[in-house]
Amino acid sequence: MVVFSQPAKFLVGLAVPTGLPVALPTLPLELTVLYNSLLFTFGASDSAIEGQADGIRQGLLRVLEACGACGQDLSTEELWQKVLQEVTVEELQAPLHRLGALQAAWWLAAGRLGSIAGLFRLLSTAEDTGRGHCSEGQNELLSLLKTWQVPAEGACLPLVQSAEDLKEILCTAAAFLQGLCGKGLQELEAGNFPTALSLLQEAARGFCSKKVLAQIYTCLGCCAQRMGKPQTALQHLKRALQVDFQCLSALSHAAAVYRELGEIDTELQALALLYEALEKKPPAAASSSPNILIQTELLVHTPTLTSLLRHHHPSEVKYLLAQRCLQGGRVADAVEHYLDFLALLQEGLQQQVPLDGSSTLPRIPEVFLEAASALEQAGRHQDAITVCEEVIRRTTDLIPRMLREEERLEQPECPSPGAGLAGELLSQKKESLCCLAWRTAGYLHQGWAWAKLGESKEAITQFSRCLSDLLRVQLRGPGTEPIENVPPEEEVLQKIRLLSLIGRGTQFLELGRHKEALLDFQHGLHISPGDPAAASYLVQALWKLDRKQEAAAQWQKLSHSSPGEQEGKGRPLPLYLVSCLEHAMFPHSETLASTIQDYLDTAAQDTSS
């Protein structure tokens, strides 16, 4: 975002129509002020602002008025033709050429290449000045732009960006859109990867700036990655960085390729370099300059290119570092990165991430829970409890007393007049369920943390609070419909309920309250039939209750089930629940199996004798 200095604000103020009659001697000054103010408006936006082009039109009408003519009923193209053909005042030529370059920038951003060609025929001194719109080969526009003679500045006011700068940017953007690169991006967007690769490779051999060449190599890398050629992708991305190390999107894509290859060390190195580079030169500073308000990126904004070259923010990369360290078992590093990220929250994260939905960051409560998971795995159980308490506190007032799952997620097949309101209610209820999942996950983590501290009674309290909160929602019973039809929010809540029951059951076992433990494990198996952890703990509880025959029968049933049968079902768990799943795994399988096998062998011998 461009911050206006006081002089700049003054110039913008001057450009506001005052209603004063136009005077030919002051018209060059007026057009220069208009040019500067429109540049500020353009540069302060993320793309061309359609309505601002009206400022140029008003300027042209003022020129005609000063010369005793009018053109209110003319189109913009016709207006330019009338002005450039009828106005011959020497002092107005340079200001009009500058406005013409600005008009071309708006048209280029809108894809109106023919209008630009027609305008520059009028601006040029060639013999075909009076011809209409561009209808010849696609290189004509580039030829017109390159041969356009920029008038000597000689402005009565300093220019915030010269017409010569605009000419270079227009040439680059037009070549990008019209040439092989533009076609390659179209093929890439259409999914025709081999054709896109060929066109982009040809474009890379053409003449262009280092910045654009690096972007082409980045697109080549992404294309190769989508073709399933990660090594080729890395070659292109490395080439992009060799050409222009400030092409940080290439570094981001390289990290993604390393992740795809399973090379976590190299991936983390790439992410660390990316974070360091972004901290030194944030995207806002990298993409804008106080002296260059209109840049190629503002004019070339195809959806594919915008997506591939999206600027990452330091907070997003810091989160990726934390997430990947946690997923890779690098707990100490994960804790450090998560704590750094939480510190960024205190500085106002909304100022660091885009608000257009393009950010890769998850919801903030999920980040807190992931941080708690990392702290817990690092043995910092009290810190994990504190982080979870923050999540619980902030979500307490966001959850209704009762939620009915089947009422929540069923949407009518045929839209009705009240569909908009129904959709809004649906969204609100989904948000409430997300809050419920975060809150109960906080209790779940606290339960396991207290268990690790040896405080079984406190752990039971937290697990019980989790289960009590889950009574607010009526979930579908097991096997009532295919797993793919179960909404993800419900699946997460069911898993949290299962893990809480197992957690509380293990603490009941620690306290010798075997009957209560048995009930929890039985309830867990009702929620998730065949779950290996719940089944194993059930066997242990039966054994401790001296119900050995039942324990042996359950163990044999568990032994005959398919390995990994339960683990392969459903969607992947949220990252913040993975450590809880690991805590719930039964740790004494071999010992219990040996004990039960001895019991079965002894029973078989007694029967045979």
When you look at Gly357, is it farther than 30 Å from Ala272 by Cβ, modelled with pLDDT under 60 and of a type in the set (Gly, Ala, Ser), yes or no? no
Out of all the residues in segment 245-261, is one or more touching a His at 6+ places or on another chain (Cβ under 9 Å), in a helix (DSSP H, G or I), modelled with pLDDT of 80 or more and of a type in the set (D, E, K, R)? no
Where the second residue is open to solvent by less than 20 Å² (accessible area, probe 1.4 Å) and the first is more than 13 Å from Gln327 (Cβ to Cβ) and lies in segment 263-274, which pairs have Cβ atoms under 7 Å and are six or more apart or on separate chains? Ala270/Leu251; Ala270/Ala254; Ala270/Ala255; Ala272/Leu321; Leu273/Leu251; Leu274/Leu251; Leu274/Ala255; Leu274/Val317
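Mind listing just one residue for me: the one in segment 10-39 that is hydroxyl-bearing (Ser, Thr, Tyr) and over 21 Å from Ala152 (Cβ atoms) and, of those, modelled with the lowest pLDDT? Walk me through how you get there before you give the answer.
Step one: filter segment 10-39 for residues hydroxyl-bearing (Ser, Thr, Tyr), giving 18, 26, 32, 35, 37.
When the remaining residues are screened for being over 21 Å from Ala152 (Cβ atoms), the result is 18, 37.
Details: Thr18: 49, Ser37: 84.
Looking at residues that are hydroxyl-bearing (Ser, Thr, Tyr) and over 21 Å from Ala152 (Cβ atoms), I get Thr18.
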Qualifying residues in segment 99-137 (those that are within 19 Å of Thr172 (Cα to Cα) and of a type in the set (Lys, Arg)) - the one modelled with the lowest pLDDT: Arg112
Boolean, Arg259 is open to solvent by 50 Å² or more (accessible area, probe 1.4 Å), in contact (Cβ under 8 Å) with a residue 40 or more places away in the chain and not polar (S, T, N, Q): yes
I want to confirm something. Restricting to segment 202-212 and keeping residues that are open to solvent by 70 Å² or more (accessible area, probe 1.4 Å) and at pLDDT 80 or above, which single residue is nearest to Leu309 (Cα to Cα)? Lys211
Filter segment 588-601 for residues that are free of Cβ contacts under 8 Å to residues at least 40 places away in the same chain and surrounded by 12 or more Cβ atoms within 10 Å (Cβ to Cβ); which is farthest from Ser373 (Cα to Cα)? Gln597
Inside segment 445-489, can you point out the residues that are modelled with pLDDT of 90 or more, crowded, with 19+ Cβ neighbours inside 10 Å and either among the charged types (D, E, K, R) or in a loop (DSSP other than H, G, I, E, B) (or both)? Arg465, Asp469
For segment 318-334, which positions are among the hydrophobic types (A, V, I, L, M, F, W, C), free of Cβ contacts under 8 Å to residues at least 60 places away in the same chain and more than 14 Å from Pro362 (Cα to Cα)? Cys325, Val331, Ala332, Ala334
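Quick one: which of Gly191, Gly182 is closer than 13 Å to Leu305 by Cβ and not aromatic (Phe, Trp, Tyr)?
Numbers: Gly191 fails: closer than 13 Å to Leu305 by Cβ.
Result: Gly182 is the single residue among Gly191, Gly182 that is closer than 13 Å to Leu305 by Cβ and not aromatic (Phe, Trp, Tyr).
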Among the residues of segment 187-201, write down those that are over 22 Å from Cys171 (Cα atoms), over 24 Å from the mean Cα position of the chain (by Cα) and open to solvent by 30 Å² or more (accessible area, probe 1.4 Å). Asn192, Pro194, Thr195, Ser198
Among (1) at positive phi; (2) under 32 Å from the mean Cα position of the chain (by Cα), Ala441 falls short only on (1)
For Thr195, work out the one condition from (1) modelled with pLDDT of 90 or more; (2) under 27 Å from Thr266 (Cα atoms) it doesn't fulfil. (2)
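Is at least one residue of segment 311-332 among the polar types (S, T, N, Q), surrounded by 15 or more Cβ atoms within 10 Å (Cβ to Cβ), at pLDDT 65 or above and over 16 Å from the mean Cα position of the chain (by Cα)? Walk me through how you get there before you give the answer.
We begin by selecting, within segment 311-332, every residue among the polar types (S, T, N, Q); these are 315, 323, 327.
Okay, now just the ones that are also surrounded by 15 or more Cβ atoms within 10 Å (Cβ to Cβ), so 315, 323.
Next cut, at pLDDT 65 or above only: 315, 323.
Still in the running and over 16 Å from the mean Cα position of the chain (by Cα): none.
No, there is no match, as no residue in segment 311-332 is among the polar types (S, T, N, Q), surrounded by 15 or more Cβ atoms within 10 Å (Cβ to Cβ), at pLDDT 65 or above and over 16 Å from the mean Cα position of the chain (by Cα).
The values are calculated or read from the model by the stated rules, or taken from the named source; none is laboratory data. Source: prediction; values computed, not measured. Virtual Cβ from ideal backbone geometry, glycine too; neighbours counted across all protein chains shown. The area values use the complete protein model at the heavy-atom level, side chains included, leaving out ligands, DNA and RNA. Shrake-Rupley method; radii C 1.70, N 1.55, O 1.52, S 1.80 Å.
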